[in-house]
Structure formats: C-alpha cells, structure tokens
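**Student:** Just passing along the structure, written as structure tokens.
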C-alpha cells in the first residue's frame with residue numbers, strides 16, 4: 001500500500017503531464033515502483049469536501065486485459081462520506097485524471113516511453129466504483145487529510 005499526500009490530485013490537475021514524473025521523484029517516489037503496490041491511496045480535499053480515491057491492483061492491468069488474471073479486478077474506488085457532487089469534487093473527472101496519470105507512469109516504467117498509444121488504463125479496464133451505504137466516521141477521512 002502506498003499513500004499519497006492529500007494535495008496530490010490537485011497538483012496533478014495543475015501540473016503539465018510532462019512534469020508528473022519529476023513531481024513524484026521530488027516526493028521520493030519512483031514512478032515504476034507504484035505498480036508494485038496492490039493499493040494506492042489518494043486522499044482528496046476538494047476545497048473542504050474530503051474523500052478518498054483508492055486504486056486497486058494497478059500493477060496487474062496487463063494480465064487482467066489478457067484474461068489470465070486471478071486477483072481482484074483493477075479498479076478505482078471512490079469513498080465519499082458526504083456522497084455529494086460539488087464543482088471542485090467531480091469524481092468522474094478525477095478518476096479520468098488518475099487513469100491518465102497511471103498511463104503516463106506505465107509508459108515511463110516501460111520501453112514505450114514515447115508511445116502515447118500505450119494506454120492500458122481506461123474506463124473498461126479500470127472502472128470507477130462508488131460504493132453506497134455507511135462509511136467509517138468522518139475522522140477516518142481526516143486522518144488521510146493530514147497525511148497519516
């Protein structure tokens with residue numbers, strides 16, 4: 001499991017994709033190493049509304065698309081204790097940005113660095129899931145927002 005800082009999603013929205021690898025390295029994270037984690041946690045503070053994006057099994061995306069994958073399906077889970085849609089907290093746009101970021105990191109770790117057609121992460125291979133129901137207390141999300 002790897003947890004990113006609570007401003008990470010906002011920073012990838014504000015940073016050109018050509019700078020994403022450098023941005024990761026400045027945090028001490030190797031772009032290729034993120035795919036060794038089964039779970040990537042992205043706490044998000046959308047201007048006061050806190051939620052958590054969880055990327056599961058990103059490293060198994062190639063095996064999954066070849067249909068010989070035995071683990072859980074790669075996906076993005078969005079946990080939002082408020083379950084509201086607000087302008088700065090558009091979960092579909094954020095999921096798209098995370099997929100774009102994952103594709104860039106995938107190309108960076110592979111031999112296809114300059115081939116923009118290599119996009120294993122898309123809506124079908126890594127769907128966005130938004131579970132409904134009861135969530136842990138809001139203090140659970142506050143822990144992630146302070147970088148725990």
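**Student:** Taking the condition at pLDDT below 80 and in contact with a strand residue (DSSP E or B) (Cβ under 9 Å, 6 or more places away or on another chain), does residue 95 pass?
**Tutor:** Numbers: at pLDDT below 80: no; in contact with a strand residue (DSSP E or B) (Cβ under 9 Å, 6 or more places away or on another chain): yes.
Against the criterion (at pLDDT below 80 and in contact with a strand residue (DSSP E or B) (Cβ under 9 Å, 6 or more places away or on another chain)), residue 95 does not qualify.
**Student:** Output the number of residues of segment 122-146 satisfying the condition of being modelled with pLDDT of 85 or more and either surrounded by 10 or more Cβ atoms within 10 Å (Cβ to Cβ) or not in a loop (DSSP other than H, G, I, E, B) (or both).
**Tutor:** Taking segment 122-146 first, the residues modelled with pLDDT of 85 or more are 122-130.
When the remaining residues are screened for being either surrounded by 10 or more Cβ atoms within 10 Å (Cβ to Cβ) or not in a loop (DSSP other than H, G, I, E, B) (or both), the result is 122-123, 125-130.
Residues that pass the stated criteria total 8.
**Student:** To continue, here is another question. Residue 81 versus (1) at pLDDT below 85; (2) closer than 20 Å to residue 121 by Cα: which is the lone unmet condition?
**Tutor:** Of (1) at pLDDT below 85; (2) closer than 20 Å to residue 121 by Cα, only one is false for residue 81: (2).
**Student:** Is one or more of the residues making up segment 105-121 modelled with pLDDT of 85 or more and farther than 14 Å from residue 40 by Cβ?
**Tutor:** The answer is yes, given that some residue of segment 105-121 is modelled with pLDDT of 85 or more and farther than 14 Å from residue 40 by Cβ.
Okay, residues lined up against (1) farther than 18 Å from residue 121 by Cβ; (2) in contact with a strand residue (DSSP E or B) (Cβ under 9 Å, 6 or more places away or on another chain); (3) loosely packed, with under 14 Cβ neighbours inside 10 Å; (4) without any contact (Cβ under 8 Å) to a residue 24 or more places away in the chain:
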position: 7; (1), (2), (3), (4): yes, yes, no, no
position: 13; (1), (2), (3), (4): no, no, yes, no
position: 41; (1), (2), (3), (4): no, yes, no, no
position: 46; (1), (2), (3), (4): yes, no, no, no
position: 74; (1), (2), (3), (4): no, yes, no, no
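**Student:** Evaluate the following for residue 35: is it outside any strand (DSSP E or B), under 14 Å from the mean Cα position of the chain (by Cα) and at pLDDT 85 or above?
**Tutor:** Working: outside any strand (DSSP E or B): yes; under 14 Å from the mean Cα position of the chain (by Cα): yes; at pLDDT 85 or above: yes.
Taking the combined requirement at face value, the residue satisfies it.
The values are calculated or read from the model by the stated rules, or taken from the named source; none is laboratory data. As the structure is a prediction and not an experimental result, all values here were calculated from the model. Glycine also receives a Cβ, built like all others from the backbone with ideal geometry; neighbour counts cover every protein chain displayed.
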